[in-house]
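To keep things clear, I will list the structure first and then write my remarks on it.
The values are calculated or read from the model by the stated rules, or taken from the named source; none is laboratory data. Source: prediction; values computed, not measured. Note that we place each Cβ from the backbone using ideal geometry, even for glycine, and neighbour counts take in every protein chain shown. In case anyone asks, the SASA skips ligands and DNA or RNA and just uses the protein heavy atoms, side chains included. Shrake-Rupley method; radii C 1.70, N 1.55, O 1.52, S 1.80 Å.
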Amino acid sequence: MLKIISRSRLLFARLNRSNVIVALVVVITIAVTGSFLILTKAAGIVVVTETESGTKSALAKQVADTTASSGQAVKFTRAAPPATGYPDATNTGYAAAGYSNLTPHAGGWNINASGVYSGYNVSGTVTISASNVTLKGCNIHGSTDTHLITITGDNVNIEDCDVHGDGPTTAQSPETSWIQVLSDGVTIKRCNFYNSSGDGIRRDGNNFTIMDSYLHDWVPHPTNQPHSDGISEGFDGATDSITIVHNTVLMYSDYGLTNVVSFAAGPGNAMTNVLVQNNLLAGGGYIFHGGGDTNYNNMTFSGNVIGTQFFSDGGDYGVMRNPPVWGTKGTSWTNNKWY
């Protein structure tokens, strides 16, 4: 790279004792005009080269380029700017909610009485069989070869919890998930889910809500492709009122991930009053499975942001598989955009 910048044509000449004064005038003129010139005792031009193999940031990599002087060049990759206003590790989970010094609890915990349970560090699985239960400010973790949380009681709230696998997982199918919901009136808020190769939230029942939560870091199963979904309508049967609002779901691994948000339970699944709004979603085979082969009424997809950090089309194959027939039976697709 030549270290020369000039606003006018300059005449180069060898300097000697008789033109020192002239050289000083030239230097002063250059300083005033903002131009500069590198001079040596031999009146040559100093050439400084910058190699392409120096220290590179995470966004730069060395590539072959026959037009470059050394046959190598540095290529910068695109990175999405940090998402703002969406759930992430700073505003979900027990620590973000101010919980610390959690009480240890052995796994295989069956909560069979209504009430509020908060501040536990659970190593293993939790089953909530009672109705009217709130589980909050907990860290629930273990092997995800089975569901970490199974809910069979009605009117259950899961709030401000971390739910995650411990290291490599052994999920053999999508049925092994962070949370399996088999009841009505379940609400999940401000939770941080990570380290699983199964479904994220696998749900059935009416009046289900997940909001302000962060689902991320699916891990590959070493031998199996479980075809997992992020938030899944996993069962046949009539369903009324599904609310998926203001979540971040970043779904990527090298093996077997299917849909970020899926309503693909099959033709026996009649869905009514579905709201998918203001979510940041990226990855999977598709961002959405729209359940176009199902019976549906009042399905709204509004204000969602589709990320391209994993695939340029949002999902590996695109944004939506089997969409409903828009504008019929109360379906709408409005104000969804690329991130």
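How do the pairs read when you match residues in segment 176-205 that are touching a residue at least 60 places away in the same chain (Cβ under 8 Å) with residues anywhere that are buried (at least 21 other Cβ atoms within 10 Å of the Cβ) and of a type in the set (A, V, I, L, M), using Cβ under 8 Å and keeping only pairs 6 or more apart or on different chains?
Here the result reads C191/I158; C191/V163; N192/V163, each pair linking segment 176-205 to a residue that is buried (at least 21 other Cβ atoms within 10 Å of the Cβ) and of a type in the set (A, V, I, L, M).
Six or more apart or on different chains, Cβ atoms under 9 Å: show the pairs whose first residue is in segment 100-112 and at positive phi and whose second is assigned to a loop (DSSP other than H, G, I, E, B).
That search, which allows pairs on different chains as well, returns N101/G119; G108/G124; G108/T125.
What number of residues within segment 185-206 are modelled with pLDDT under 95 and open to solvent by 30 Å² or more (accessible area, probe 1.4 Å)?
Matching residues across segment 185-206 total 4.
So which residues in segment 275-302 are closer than 17 Å to G85 by Cα and open to solvent by 40 Å² or more (accessible area, probe 1.4 Å)?
Q277, N278
Read through the list (1) in a strand (DSSP E or B); (2) closer than 26 Å to P220 by Cα; (3) open to solvent by 60 Å² or more (accessible area, probe 1.4 Å), then give the number of the only condition that T127 fails.
Evaluating T127 over (1) in a strand (DSSP E or B); (2) closer than 26 Å to P220 by Cα; (3) open to solvent by 60 Å² or more (accessible area, probe 1.4 Å) leaves (3) as the failure.
Yes/no per residue for (1) modelled with pLDDT of 65 or more; (2) over 14 Å from the mean Cα position of the chain (by Cα); (3) in a loop (DSSP other than H, G, I, E, B):
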residue: H216; (1), (2), (3): yes, no, no
residue: P222; (1), (2), (3): no, yes, yes
residue: S232; (1), (2), (3): yes, yes, no
residue: D236; (1), (2), (3): no, yes, yes
residue: D240; (1), (2), (3): yes, yes, no
residue: I244; (1), (2), (3): yes, yes, no
residue: S253; (1), (2), (3): yes, no, yes
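Please go through segment 255-274 and pick out each residue that is modelled with pLDDT of 80 or more, open to solvent by 20 Å² or more (accessible area, probe 1.4 Å) and outside any strand (DSSP E or B).
The one that is modelled with pLDDT of 80 or more, open to solvent by 20 Å² or more (accessible area, probe 1.4 Å) and outside any strand (DSSP E or B): T258.
N304 - would you say it is under 19 Å from D217 (Cβ atoms), under 19 Å from the mean Cα position of the chain (by Cα) and at pLDDT 95 or above?
Judged against the criteria, N304 is not a match.
Report the residue count in segment 112-124 for those that are buried (at least 18 other Cβ atoms within 10 Å of the Cβ) and closer than 18 Å to W178 by Cα.
2
Identify, by number, the condition in (1) under 16 Å from the mean Cα position of the chain (by Cα); (2) farther than 26 Å from V219 by Cα; (3) not hydroxyl-bearing (S, T, Y) that P324 doesn't meet.
(1)
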